[in-house]
Amino acid sequence: MSQNDEFTVEVLRDLGLLTKSQIDHARVEMGEVGLLQTLLQSGVLTQQDVSRALAAQNSMEFVDLAQIQVERSVVELMQAEDTRRYQALPIALREGVLIIALADPMAMQTMDDLTYKMRRDMEFVCATPEAIQKLIIRFHGDADDATSGLLKSMGDVEGQDVVRDEEGGQAEGDAPVIKLVSMLLFEAYTNRASDIHIEPLETKLRVRFRIDGVLQEMQAPPKRLHGAIVSRLKIMSRSMSIAEKRLPQDGRIQIRLGEKSVDLRVSTIPTVHGESVVMRILDKTSLMLGLPDLGFLSDDQAKFEQCVNLPDGIILVTGPTGSGKTTTLYGCLNYMNKPDRKLITVEDPVEYQMNGINQVPVNASIGMTFPVALRSILRQAPNIIMIGEIRDNETASIAVNASLTGHLVLSTLHTNDAPSAIARLVDIGVKPFLVSSSVRAVVAQRLVRRLCPACKHPGELSEYEMSALQIEPGMLSQARVMQPAGCEACRGKGFKGRMGIFEMFLVDDEVRNMVNNNASTISLRQRARELGMRTLREDGVRKVLAGLTTADEVISSTMADMD
């Protein structure tokens, strides 16, 4: 028996709900289930007795939910998926404090998560799991009825041509699973999700959407439909085998959502409980962004426009995976895509197809590598070349040579900050004098969530936030610090969309001399700071003070920024 169970039994005895003889008898009778479970199964204890003891053990009030009136307006202050996920339910609102009933009063992580998500004054009380589940079903329905719930929600769009295959075939039909998959895709798109995760667990199916970079659990259909859902997605991809369940597979689905064309990149992988599916939603309209939409403030935007209008040289965008580098590159291509310029890209793979741009896919299995493609496209007389990523010396050398022969080259590197890109190119094997001659600018970036414009409200920075971001009190005089609230427009999250924070390193003659003399990254960074380069964190601070994002977002996104 665990120490927690032992302590709970002692609390029950102190409360007069158990006697020593009952405990001793249960010890004799108990098997692998443990003492507490034995007492419950024998009828000596009720679940309410155990919940009372757990509440007393954790200095928490116990509430008998059968004896109080719970209003729907209070319950709906928390999203349905959160009530099911955390087994927690709002039951009252007292003088602005939300009272939340928990099934497990020792679930500290649950309390922390809800405090962070709800961002309001809350008090936690304890109730029996059965009573909480009964109210969840009463107000939100049975979780196993998710399928019918999803299909019912299609009533608003039924009969309309909402989801179609790109080739014209109807993606909806009479079969419930076909409708369910269509609704799942439609719901993900309308919620601005970038990914859909369908994961089979031991006893249930889990569906999560990645919205603004954060995974959010959604209402899921019963696990018995998992195989049918996966098969439907494979059929829609037209390139995946429904018979093969032992090996990973990749595919692509092209659909129309109303008047919009959307591509889905599908990946399956076998797990111990079945095939896990991840779908990346590739919305072409999200790439038609201007530079301000990417998050550039006016002064940085002017510098960046000056760089991308240069006739030759290399412009690098750096950052870890998921930092928005590809979106920034496509934003540049969209800005530069004019009739008097020829643009060619080399990508692995070509995720977004853009009008007016020649896009070349890499296919290593047939020998179509980055270097092979680059050598060929140089004979196509482009003005601007975009390379998905510089990974090796051969690719880097061709990019450098292209930039030195009158081409503007855009590409990405995986480095934590902008000055480190110089050292990375040298490490790859590019001679320092070639790096100094070709690189014009390096932009490092991260993504932070943008505050929902509909519900953000004035707030204050804590002492910790001001210290971490090195914000002086005088900087707040003209500031417009805002905090998230949560509304229908942002699904109660307080954030809607993401934006970049940037570190722009412009290469001047002195920097070129330093690179030729093998200067360290630290020295290059010092010089960049002298030239006026703001760090990622400093750019984030500007956006916090402008009321565009929160201090917490900037701190978590720039933990490596120690400057």
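Provide V442, V350 ordered by accessible surface of protein heavy atoms (probe 1.4 Å), highest first.
On the way: V442 0, V350 25 Å².
Most to least solvent-accessible, the answer reads V350, V442.
Full extension from T321 to Q254: what is 0.36 nm times the residue separation minus their Cα-Cα distance, to one decimal in nm?
Numbers: separation 67, 0.36 × 67 = 24.12 nm, distance 2.48 nm.
Computed gain between T321 and Q254 is 21.6 nm.
Checking the table K117/K543; K223/K260; K179/K493 against a 25 Å threshold on Cα-Cα, which pairs fail?
K223/K260; K179/K493
Roughly speaking, what is the stretch gain from L247 to S73, that is 0.36 nm per residue apart minus the C-alpha to C-alpha distance, in nm to one decimal?
Working: separation 174, 0.36 × 174 = 62.64 nm, distance 4.78 nm.
57.9 nm is the gain from fully extending L247 to S73.
Just the Cα atoms of segment 362-411, one point each, no solvent: what log10 I(q)/I(0) does Debye give at q = 0.30 Å⁻¹?
Each listed q maps to, in turn, -1.30.
From the residues I377, V362, S411, which one has its Cα farthest along the dipole of segment 312-430 in the positive direction, the dipole being from +1 and -1 charges on Cβ of Lys/Arg and Asp/Glu about the Cα centre?
I377
Give the peptides 545-553, 129-137 in descending order of average Cβ contacts within 10 Å, highest first.
Values: 545-553: 20.9, 129-137: 17.2.
Most protected by this proxy first, the peptides run 545-553, 129-137.
So with the 1.4 Å probe, I'd like the accessible area per residue for segment 333-404, rounded to whole Å².
Values: 3410 Å² over 72 residues.
Per-residue accessible area for segment 333-404 comes out at 47 Å².
Convert 20 °C to kelvin, take the viscosity as 1.002 mPa s, use the Kirkwood radius over C-alpha pairs of segment 423-563 as Rh, and evaluate the Stokes-Einstein diffusion coefficient in µm²/s, rounded to a whole number.
It comes out at roughly 127 µm²/s.
Provide the FRET efficiency to the nearest 0.05 for the R94-E510 pair, computing r from the beta carbons and using R0 = 56 Å.
0.30
Within the set of other residues whose C-beta is less than 14 Å from the C-beta of D195, count the net charge using Lys and Arg as +1 and Asp and Glu as -1.
Counting the neighbours of D195, the net charge comes to 0.
Return the inverse of the average 1/r over all pairs of distinct C-alpha atoms in segment 259-339, which is the Kirkwood hydrodynamic radius, in Å to one decimal.
15.4
Add +1 for every Lys or Arg and -1 for every Asp or Glu among the other residues with Cβ under 13 Å from the Cβ of F209, and state the total.
On the way: positive: R192, R206, R208, R210, R280, R491, K493; negative: E81, E187, D195, E199, D212, E217.
Around F209, the charge tally is +1.
For K338, which lysines qualify as cross-link partners when the Cα separation must be under 19 Å and same-chain residues fewer than eight apart are set aside?
K284
Just add up the charged neighbours of T369: K/R +1, D/E -1, any other residue whose Cβ is under 14 Å from the Cβ of T369. Don't skip to the answer; put the middle values down first.
Numbers: positive: R375, R391; negative: E347, D348, E389, D392, E394.
Here the count lands on -3.
Using a cut-off of under 18 Å, list every residue of segment 499-516 whose amide N is near the label point 7 Å from the Cα of F433 along the Cα-to-beta-carbon line.
Label zone hits: 509-516.
Probe of 1.4 angstrom, ligands and nucleic acids ignored: what's the accessible area per residue over segment 436-487, in square angstrom?
Computed with neighbouring chains in place, this is 51 Å² per residue.
Carbon-plus-sulfur fraction of the accessible area of segment 224-271, 1.4 Å probe, in percent?
Heavy-atom surface of segment 224-271 belonging to carbon and sulfur, 1.4 Å probe: 54 percent.
The values are calculated or read from the model by the stated rules, or taken from the named source; none is laboratory data. Since the structure is predicted, the reported quantities are computational estimates derived from the model, not experimental observations. Ideal geometry is used to build each Cβ from the backbone, glycine not excepted, and the neighbour counts take in all protein chains shown. When the accessible area is computed, the model is the full protein with side chains, heavy atoms only, and any ligands, DNA or RNA have been set aside. Shrake-Rupley method; radii C 1.70, N 1.55, O 1.52, S 1.80 Å.
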